[in-house]
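Working notes for the structure below.
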Amino acid sequence: MARKLADIIRDIFKPPMAGEPSVSDKKMDRRRFFRAALAESLKPLDVAIRPLERMAHEVGKLDAIQGSPRKYEPARTLDRPWLRPPGALPEPEFRVRCTQCDDCVRACPVSAIKIDHSGDEGGGFPYIDVNMQPCTLCEGQPCMPACPSGALQWTPLAQIDMGTAHYFDQTCLRFNGEECTMCVDHCPVGSKALEVQDGWIKVHEDGCTGCGVCQNNCPTDPKSIIVIPKISRDR
């Protein structure tokens, strides 16, 4: 036992043989080994991190875009078919030709034509809200010749077509036995467009101009006769 212990001590302090690595060299070899092993073990982590780096880079670009000032764009309201002034071109062409100059608005003697430059009403183009003020088909129809762009074309009274009235008999006062003739009495076109037939209101589509006087004067709620703008009717 003592011999073996002496041999162990001797081996510890024995000078290294030629070509044999020293203790310091062995320590360096172990360091290199552990470094190599650590690098190898971290390879999967590096593969996982690279996509995250790319994602972070893209997020940084988005942040830069979001942080830059942007032009304010107000929320657009849902557009719908609008009743246009008499003589209006078909809707797509009307919107192209109209300059939104307000000349037809100023020319209308009953203030039936409106324009909302915010675009909330009428899509920003001249329109008529018959519940507020219908077109009365006034003499000379000054709105049409007042238009400088041709969006409103001069049209004879008999050929004006803004839309067509539609009658709902079940909500009409006549359905309950009342002899209401408000729509017929106020129609500027007369029996060519509206009349009473067999106890009910009859709309003659060929003679109706869609002026909206009937709807405006109808006393029921909801209205028993309404005007369908020609853009909706012709779809």
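Give me a comma-separated list of calculated 3J(HN,Hα) values for the stretch 190-200, in order, Karplus coefficients 6.51, -1.76, 1.60 applied at θ = phi - 60°, integers in Hz, x for any Gly or Pro.
Each residue of the stretch 190-200 in turn: x, 5, 5, 10, 9, 7, 9, 10, 6, x, 10 Hz.
Multiply the residue separation of ASN176 and SER149 by 0.36 nm, subtract the distance between their alpha-carbon atoms, and state the gained length in nm to one decimal.
Values: separation 27, 0.36 × 27 = 9.72 nm, distance 4.89 nm.
So the extension gain works out to 4.8 nm.
Once amide H atoms are placed 1.01 Å from N in the peptide plane, what residues at a sequence separation of 5 or more from ILE228, or on another chain, have their amide H within under 5 Å of its amide H?
Answer set, sorted by chain and number: THR164, ALA165, HIS166.
Tell me which residues come under 5 Å, amide H to amide H, from GLN153 once H is placed; ignore anything under 5 positions away on its chain.
Those lying under 5 Å, H to H, from GLN153 are ALA88, LEU89.
Testing the spin-label approximation: label points 7 Å from Cα along Cα→Cβ at ARG95 and GLN159. State their distance in nm.
Taking the two extended label points, one gets 2.6 nm.
Figure the gain on full extension for ASN131 and SER191 (residue separation times 0.36 nm, minus the Cα-Cα span) and round it to one decimal in nm. It would help to have the intermediate numbers written out before the result.
Details: separation 60, 0.36 × 60 = 21.60 nm, distance 2.20 nm.
Length gained, ASN131 through SER191: 19.4 nm.
When only C-alpha pairs under 8 Å and at least 6 residues apart count, what is the relative contact order of the stretch 91-233, in percent?
24
Can you give me the long-range amide H partners of CYS180? Hydrogens built in the peptide plane at 1.01 Å from N, cutoff under 5 Å, separation of 5 or more residues or another chain.
When sequence neighbours closer than 5 places are left aside, the close amide H contacts are ARG174.
Can you check what the Kirkwood hydrodynamic radius comes to for the stretch 102-235, Cα pairs only, in Å to one decimal?
Values: mean 1/r = 0.0641 Å⁻¹.
Answer for the stretch 102-235: a Kirkwood hydrodynamic radius of 15.6 Å.
Spelling out what I want: for every residue of the stretch 120-132, take phi, set θ = phi - 60°, compute 6.51 cos²θ - 1.76 cosθ + 1.60 (Karplus), and round to whole Hz; glycine and proline get x.
Coupling constants for the stretch 120-132: 5, 10, x, x, x, 10, x, 8, 10, 9, 5, 5, 8 Hz.
Here, each number is a calculation from the coordinates, and none is a lab measurement. From a predicted model like this one, the values you see are computed outputs, not experimental measurements. FYI the Cβ positions are ideal-geometry reconstructions off the backbone, even for glycines, and counts take in every protein chain you see.
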